[in-house]
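Enquirer: The structure that follows is given in the form of structure tokens.
The values are calculated or read from the model by the stated rules, or taken from the named source; none is laboratory data. Remember, it's a predicted structure, so these values are computed and weren't measured experimentally. Reconstructed Cβ throughout: ideal geometry from the backbone, glycine too, with neighbour counts over all protein chains shown. Quick note on the areas: whole protein, heavy atoms, side chains included, nothing else; ligands and nucleic acids left out. Shrake-Rupley method; radii C 1.70, N 1.55, O 1.52, S 1.80 Å.
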Amino acid sequence: MASVNLGMPLPPPPVLSPRRKTRQLQVGKIGVGSDSPVSVQSMTTTKTTDINGTLQQIAELTAAGCDIVRVACPTEDDAAALPIIAMKSPIPVIADIHFQPKYVFAAIEAGCAAVRVNPGNIRKFDDQVKEIAAAAKDHGTAIRIGVNAGSLDKRIMDKYGRATPEALVESAVWEASLFEEHGFHDFKISVKHNDPVIMVRAYELLAQRGDWPLHLGVTEAGPAFQGTIKSATAFGALLSQGIGDTIRVSLSAPPVEEVKVGLQILQSLNLRERKLEIVSCPSCGRAQVDVYTLAEDVTEGLKDLTVPLRVAVMGCVVNGPGEAREADLGVASGNGKGQIFVKGEVIKTVPEDQIVETLIYEANRIAAEMESEDESDEDTVAGGAVVSVH
């Protein structure tokens, strides 16, 4: 049987609000701004002088889906390591500079895709903006103006008394004006605070003041659980308004976990293509199987899937059949057995101790079919029409 697909594109998934219109810049190969997808950043925890260790961690971050990576550069030896790291990294490298302005120039010369500067703790930073802008422009290097609540310029703190949203924004807008005064526009801005409410309000105010791309972050967000909640709350509030062009989830946890959380936030808001999504029951007295263990085992067994797949793991007959039918693959469990659904149809009933292995098998089978169809479509594209023969 032949089927013909005339190449009509699927409508994009719904989002809560269109992206705020910003100017566009390049951080290496990654476009940043409203014309590009929201990108995910993280930061290495290795000593930058440990070139091999740093590149290994960057490789792990890249495999996890990280788009841009930041490395610390507090010393001369760190600066000396930047050329090799920038050259060999598979994703764009941002040098993180504090206190010593000479390392800004070293990072630009080293070929870093961007440099993060914190004006509040670089001595006489404003006096050097002209030279920094000229060097960055000559080398095609982007800049992030990183304003932090914990390191605001003394003049701003004297005026506001504390790191209010208005204080953060005034600092950022002032520094942006200095770069623009010297004809440099390839920068993005962050105004980070550890309180999500203050942070959200600061970004809302900043978004009203100009069309700069914005990097979102809740600074010092905390351990994994607390930091995830803080970041998801703040990012969700801003991204749902179309505010935000790059994000970094700051966790007291391995950086790969930051990337996983960041990607999940974007997927949940339809700002990234959804990958594996597990729908499972909450705690409930109706459950007739061990849903906790089932969901955890299925998630672990499918963690390496790269195709978009919605899997429902349900533990009772109230919502189970309906949720399982709505998913690509699902199970409705009860009385020691589970009905396995594929694309809304029951394909088999298995004992409880076979549910996990059955779901994993079926998920991999569906994934293989999806990948095969994608390859077939690519091979048969001609003039905008796709013809597949079954």
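Enquirer: Would you call HIS193 within 21 Å of GLY31 (Cα to Cα) and surrounded by 19 or more Cβ atoms within 10 Å (Cβ to Cβ)? Quick ask: steps written out before the conclusion?
Expert: Numbers: within 21 Å of GLY31 (Cα to Cα): no; surrounded by 19 or more Cβ atoms within 10 Å (Cβ to Cβ): yes.
Spelling it out, it is not the case that HIS193 is within 21 Å of GLY31 (Cα to Cα) and surrounded by 19 or more Cβ atoms within 10 Å (Cβ to Cβ).
Enquirer: Oh, and also: Open to solvent by 50 Å² or more (accessible area, probe 1.4 Å), within 25 Å of the chain's Cα centre (by Cα), farther than 22 Å from ASN148 by Cβ and assigned by the TED database to the domain that holds VAL249, is that true of ALA63?
Expert: When the stated conditions are applied, ALA63 passes them.
Enquirer: Of the residues that sit in segment 79-113 and are over 16 Å from GLU131 (Cα atoms) and of a type in the set (Val, Ile, Thr), which one is surrounded by the fewest Cβ atoms within 10 Å (Cβ to Cβ)?
Expert: Among those that are over 16 Å from GLU131 (Cα atoms) and of a type in the set (Val, Ile, Thr), it is ILE84.
Enquirer: Still on this structure, I have one more. Among the residues of segment 83-102, write down those that are modelled with pLDDT of 95 or more, of a type outside the set (A, V, I, L, M) and out of contact with any Lys or Arg (no Cβ under 7 Å at 6 or more places or on another chain).
Expert: PRO83, LYS88, SER89, PRO90
Enquirer: Within segment 297-346, how many residues are under 27 Å from the mean Cα position of the chain (by Cα), among the β-branched types (Val, Ile, Thr) and surrounded by fewer than 16 Cβ atoms within 10 Å (Cβ to Cβ)?
Expert: Result for segment 297-346: 2.
Enquirer: Restricting to segment 203-235, what's the tally of residues that are open to solvent by 20 Å² or more (accessible area, probe 1.4 Å) and over 16 Å from SER190 (Cα atoms)?
Expert: The number of residues fulfilling the criteria is 9.
Enquirer: Name every residue in segment 257-273 that is on the phi < 0 side of the Ramachandran plot and surrounded by fewer than 16 Cβ atoms within 10 Å (Cβ to Cβ), in order of residue number.
Expert: SER268, GLU273
Enquirer: From VAL147, VAL173, which residue is crowded, with 22+ Cβ neighbours inside 10 Å, of a type outside the set (S, T, N, Q) and under 27 Å from GLY31 (Cβ atoms)?
Expert: VAL147
Enquirer: Any residue at all in segment 246-257 that is at pLDDT 90 or above, assigned to a loop (DSSP other than H, G, I, E, B) and more than 14 Å from the chain's Cα centre (by Cα)?
Expert: Within segment 246-257, one or more residues are at pLDDT 90 or above, assigned to a loop (DSSP other than H, G, I, E, B) and more than 14 Å from the chain's Cα centre (by Cα).
Enquirer: Ok, one more. Checking the conditions here, which among ASN148, ASN121, ASN194 is more than 29 Å from THR62 (Cα to Cα) and touching a residue at least 24 places away in the same chain (Cβ under 8 Å)?
Expert: ASN121
Enquirer: Let me ask something else. Residues being in a helix (DSSP H, G or I), among the polar types (S, T, N, Q) and under 24 Å from VAL173 (Cα atoms): count how many of those fall in segment 192-237.
Expert: Here the count works out to 2.
Enquirer: Give the residues of segment 62-101 that are touching a Pro at 6+ places or on another chain (Cβ under 6 Å) and hydrophobic (A, V, I, L, M, F, W, C), sorted by residue number.
Expert: Keep residues of segment 62-101 that are touching a Pro at 6+ places or on another chain (Cβ under 6 Å), which gives 62, 68.
ILE68, the sole residue that qualifies.
Enquirer: Mind listing just one residue for me: the one in segment 9-58 that is open to solvent by 70 Å² or more (accessible area, probe 1.4 Å) and in a helix (DSSP H, G or I) and, of those, farthest from GLY244 (Cα to Cα)?
Expert: Of everything passing the filter in segment 9-58, ASN52 is farthest from GLY244 (Cα to Cα).
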